[in-house]
2 protein chains.
Amino acid sequence: MRMTQLFVQTLRDDPADAEVPSHKLLVRAGYVRRVAPGIYTWLPLGLRVLNKIETIVREEMDAIGGQEMRFPALLPKEPYEATDRWEEYGPNLFRVKDRRGADMLLGPTHEEMFTLAVKDLYSSYKDLPARLYQIQTKYRDEARPRAGILRGREFIMKDSYSFDIDDAGLDAAYQAHREAYVRIFDRLGFEYVIVKADSGAMGGSASEEFLAVSPTGEDTFVRSAGGYAANVEAVTTPVPEAINFATFDAAVVVDTPGTPTIESLVEVLNASHARDDRPWEAKDTLKNVLVMLVHPDGRREPLAIGVPGDREVDEKRLETQVAPAEVDAFTEADFAANPVLVKGYIGPEVLGESRASGIRYLLDPRVVSGTVWATGANVQGKHVLNLTAGRDFEADGLIEAAEVRAGDPAPDGSGPLELARGIEMGHIFQLGRKYADRLGLQVLNENGSLTTVTMGSYGVGVSRAVGVIVESSHDDAGIVWPRSVSPFDVHLVVAGKAPEMFEAAERIVADLESAGLSVLFDDRPKVSPGVKFKDAELIGVPTIVVVGKNISDGIVEVKDRKSGDRRDVALSDATAEILGEVRG
Amino acid sequence: MRMTQLFVQTLRDDPADAEVPSHKLLVRAGYVRRVAPGIYTWLPLGLRVLNKIETIVREEMDAIGGQEMRFPALLPKEPYEATDRWEEYGPNLFRVKDRRGADMLLGPTHEEMFTLAVKDLYSSYKDLPARLYQIQTKYRDEARPRAGILRGREFIMKDSYSFDIDDAGLDAAYQAHREAYVRIFDRLGFEYVIVKADSGAMGGSASEEFLAVSPTGEDTFVRSAGGYAANVEAVTTPVPEAINFATFDAAVVVDTPGTPTIESLVEVLNASHARDDRPWEAKDTLKNVLVMLVHPDGRREPLAIGVPGDREVDEKRLETQVAPAEVDAFTEADFAANPVLVKGYIGPEVLGESRASGIRYLLDPRVVSGTVWATGANVQGKHVLNLTAGRDFEADGLIEAAEVRAGDPAPDGSGPLELARGIEMGHIFQLGRKYADRLGLQVLNENGSLTTVTMGSYGVGVSRAVGVIVESSHDDAGIVWPRSVSPFDVHLVVAGKAPEMFEAAERIVADLESAGLSVLFDDRPKVSPGVKFKDAELIGVPTIVVVGKNISDGIVEVKDRKSGDRRDVALSDATAEILGEVRG
């Protein structure tokens, strides 16, 4: 491929809407172009990378007995109604009405369709196990598409599904996928962790995520030195033992004027109601946070959450807990409609379905019976001290919504947690029988009776991988592709105008191509060497060959994009040297 | 691939909704499954064929310098508004509103997007020419999806676009695509014709279609012994010379009771108003047909069409002429609303924008000045004779809407036409500057001034090709794949239960696969040879190898699916023989 022909235009400036490196670089280097929010065109360079990733994914799926097929993206409503997902997806689903008024959707994931296909074709345990997959375009109407192709509204996924007669079969399919994913992500060449995941809206049991470790990631995960790793949404809080409160002081209401925040409360308490043992701290207070849940059917339900005052409510942990409902802010209008809630001074006394507000009240698991709190007295400028859980108040249940912090104990006792950020690249689920139940997928077992099939669901973000690889592999000058996915094996630059340079370059290109390498040949006659070098660094092919002035001495330069190392090679050895470099 | 593992289930019965052979066979043999009207899933066998076709198309597009990229399917409205196609596509467009209320569409074709991409990246004549293509999923909400994947609502097309600075460049791009399409369709192995096409709603100039010749085709085309070939929509009628009517008899109104049809009119005229020279024939009458046009904005406009009484109005030719309007029936209610129209006795006197009905009136080109007609007198039971075009009536214009019949003269004088049916598989258009004008695609020319780019648009029905190939290549027992697109090179059947058969079969499979062939191995242990043979014929792999009882004598059978020829081959020679057969 010649630069004079390639459909590309490198850009000097970052696109205005780009925040993360991969978004900036993929646009600037001419891999993708934005068409609408979260919707991108793959230019020739980008499509070449995408195809290489697809090939790696396909090879590893085929290696575990996966059979590739392809479902449509435009789907009828009925199967998704049978599993309630037509409603549960809420505004994240692109809905379409056809000319006859039939409701359809653009598939966000295909559990229903694969389940029905197996039901359609298979009827006996002898047909199982089956491992089916597709590499296909998916649609989600994200509220906040961001970071270019990292979170798009039209994107490419590999989704596979396993069908087994029993749990042992599902375990084997799950393990096979886990191992295939390890091989896929190893070949794609970025750092990743495998973390326990909350299976959330998918309704399954065991579930793990493959997260690309990246400071720009939207997902937070935790890990301990002892080997625990989990998506922050899946972290459970070790519940302390209950405390005998028989001898505890009675609760007492105190004046705390002008203390609508935890910080101001702690300051006033230390000034006016000092403790004997130590100063008041935020962790001694109980913060009651109100949110508004929006259910898939549009119904709005207020929810109160009690957490220790030194912790915030984590939005993503909360969303996972309340899914399929979404979380909206509790507005001034909502406060006005609930006059029993005194903003800044809300306490447990009025919270709960059977209390004055009637609002469901859920507590952080740390608020066990016998813990003692300073919290709102439901009167402007007043708090209550010594309020003891289990004695003075109770709630409607527990919720894992408080933020997880570095240093928190791992739930399995393997030590303190550290936090890091990642990008979800793969997800494996043991779905179990939920979809098969809902859609009636049963087969005859060995005894001739009908048995519900058990399923797994496994996804890889194929188009997202393009962005993730760039996030993990770039420098100030541009992209640095791993060889496994580079759009070309070699980028050959002619650094000058002399005909002998072009002649030598043409020969090298021909030799490399006949040896099976792909070459991006910068043959632009009127572009300066400096601009060509900059473009080569930006585009990021791992091996750059420069044919310049030294060609008169029979010398070309071979440069490693990643290390920046460059060395002179005799023209006569060039093909062999480059082949050696590319093939390792 | 082993039959015990392949996700397939052959069916004995034709699907209830299937009318054409390809639809029946592709479903029965397990290549596709229907999900919704016009929307299909590609099962593993079908996806393999689809991929082979894609590869052939890709190779030939790359060979003419095409660069592959990929646009999204979900697109913003604005570019399609700029070219009026948001409206012109009418109900054929799948429209989507996103969560913010933005109007989007599922792309039916991508002229707008490619035009904008070139505008985005290129600015100079030096960047041109460019030939860009994609192989991508497209959407059209067909009124009548039919024939399985032959006319679907979600389908795969290769669409390419050429961008040139001048007409000579466009001609070259057009010619290159024409030649590439010849190579593609030759490799796909079905009979096709290249016909002149009406460029219709695309608004271009030169345009040809590649039609697969097929009795089940929806398109009618004509050809003459002298080499003329055209889509029936593109056939033009040779206009006869005008006739001097100076001496013709005056028009006269006659009683023709009970003659609302041409047939009844001819009968009554011969009985009551016999001609001197010969009997009245249908071709002596002028039939005035009323239809209702429905414009993209929903506006309804009546239209009257005058054709010789021996010809019907051809619905598709009419639709092509009035596009982007659609054609609806002229109902009893419409007659009631236009009382000047006397159904069965309508004549030119009341037709035309300036006549009593005010309805636009267009004539067949054969109705030249001086032709004499028997036609309606606009009074119940009366017709007018000797009504002479150009003397007694005129119209608002001409229209090519009358049916084309075998024996009609070719417009280029190359002899009488014959009619045949075909399926549109490819279409090449010289679009010219319409899209570039509308979307502002200009580049600097050699003199430094802005010039509008000229474009071509070229399509191949990739998923449709799967159906077309089956239409052209099947027999009563099933599909007969050309080798170029067969899902496997060899179908190996074990016809029996003896372990030595399975052992021999495994060895042959291993040998063939290591020689680079793909083998579908029917290893089902409890299925009878008869069922296996039937499945092999149905699935249609061109070479069938049978390992049966003769294995004890070291003999296997090699069968040609197409001819049915079978011959015994020594096991020791089997691999070489089969390789020779497959590789020709």
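The values are calculated or read from the model by the stated rules, or taken from the named source; none is laboratory data. Predicted model only: the values in this text are computed from it and were never measured. FYI the Cβ positions are ideal-geometry reconstructions off the backbone, even for glycines, and counts take in every protein chain you see.
Residues being charged (D, E, K, R) and surrounded by 15 or more Cβ atoms within 10 Å (Cβ to Cβ): count how many of those fall in region B:563-584.
Within region B:563-584, residues that are charged (D, E, K, R) and surrounded by 15 or more Cβ atoms within 10 Å (Cβ to Cβ) number 2.
Yes or no: A:Gly564 touching a residue at least 60 places away in the same chain (Cβ under 8 Å) and not aliphatic (A, V, I, L, M)?
When the stated conditions are applied, A:Gly564 does not pass them.
Tally up the residues in region A:358-383 that are surrounded by 21 or more Cβ atoms within 10 Å (Cβ to Cβ) and either farther than 14 Å from A:Val307 by Cα or not assigned by TED's automatic domain parsing to the domain that holds A:Lys316 (or both), please.
Residues meeting the conditions: 4.
Specify which of the listed residues (A:Arg151, A:Arg95) is at negative phi and without any contact (Cβ under 8 Å) to a residue 24 or more places away in the chain.
Being at negative phi and without any contact (Cβ under 8 Å) to a residue 24 or more places away in the chain holds for just one of A:Arg151, A:Arg95, which is A:Arg95.
Do you know which of the residues in region B:445-469 that are among the hydrophobic types (A, V, I, L, M, F, W, C) and in contact with a Lys or Arg (Cβ under 9 Å, 6 or more places away or on another chain) is farthest from B:Val20 (Cα to Cα)?
The residue in question is B:Val453.
Would you pick out the residues in region B:86-130 that are acidic (Asp, Glu), part of a helix (DSSP H, G or I) and at the interface with chain A (Cβ under 8 Å from one of its Cβ atoms)?
B:Asp120
Starting from residues that are basic (Lys, Arg) and surrounded by 18 or more Cβ atoms within 10 Å (Cβ to Cβ), keep the ones in region B:288-343 and report whichever is farthest from the chain's Cα centre (by Cα).
Only one residue fits best here, namely B:Arg311.
Determine if region B:45-59 includes at least one residue that is among the small types (Gly, Ala, Ser), surrounded by fewer than 20 Cβ atoms within 10 Å (Cβ to Cβ) and assigned by TED's automatic domain parsing to the domain that holds B:Glu179.
No, every residue in region B:45-59 fails to be among the small types (Gly, Ala, Ser), surrounded by fewer than 20 Cβ atoms within 10 Å (Cβ to Cβ) and assigned by TED's automatic domain parsing to the domain that holds B:Glu179.
For region B:36-55, give me the residue count where each residue is in a strand (DSSP E or B) and at pLDDT 95 or above.
Counting residues in region B:36-55 that are in a strand (DSSP E or B) and at pLDDT 95 or above gives 4.
Of everything in region B:62-79, what is within 12 Å of chain A (Cβ to nearest Cβ) and part of a helix (DSSP H, G or I)? Give them in sequence order.
Those that are within 12 Å of chain A (Cβ to nearest Cβ) and part of a helix (DSSP H, G or I): B:Asp62, B:Glu78, B:Pro79.
Restricting attention to region B:98-118, and to residues there that are within 15 Å of B:Gln134 (Cβ to Cβ) and of a type in the set (Asp, Glu), which single residue is surrounded by the most Cβ atoms within 10 Å (Cβ to Cβ)?
Filtering first and then ranking leaves B:Glu111.
Inside region A:119-164, can you point out the residues that are crowded, with 23+ Cβ neighbours inside 10 Å and more than 26 Å from A:Ile184 (Cα to Cα)?
Selection gives A:Asp141 alone.
What pairs come out if I take residues in region A:519-546 that are touching a residue at least 40 places away in the same chain (Cβ under 8 Å) and pair them with residues that are of a type in the set (S, T, N, Q) whose C-beta lies under 6 Å away, six or more apart or interchain?
Listed by first residue and then by second, the contacts come to A:Asp523/A:Thr4; A:Arg524/A:Thr4; A:Asp535/A:Thr10; A:Leu538/A:Thr10; A:Val541/A:Ser486; A:Pro542/A:Ser486.
Which ones in region B:1-23 are in contact with a helix residue (DSSP H, G or I) (Cβ under 8 Å, 6 or more places away or on another chain) and closer than 17 Å to B:Val468 by Cα?
B:Ala18, B:Val20, B:Pro21, B:Ser22, B:His23, listed by residue number.
Residues in region B:11-32 that are at pLDDT 95 or above and either within 13 Å of chain A (Cβ to nearest Cβ) or in a strand (DSSP E or B) (or both): how many?
6
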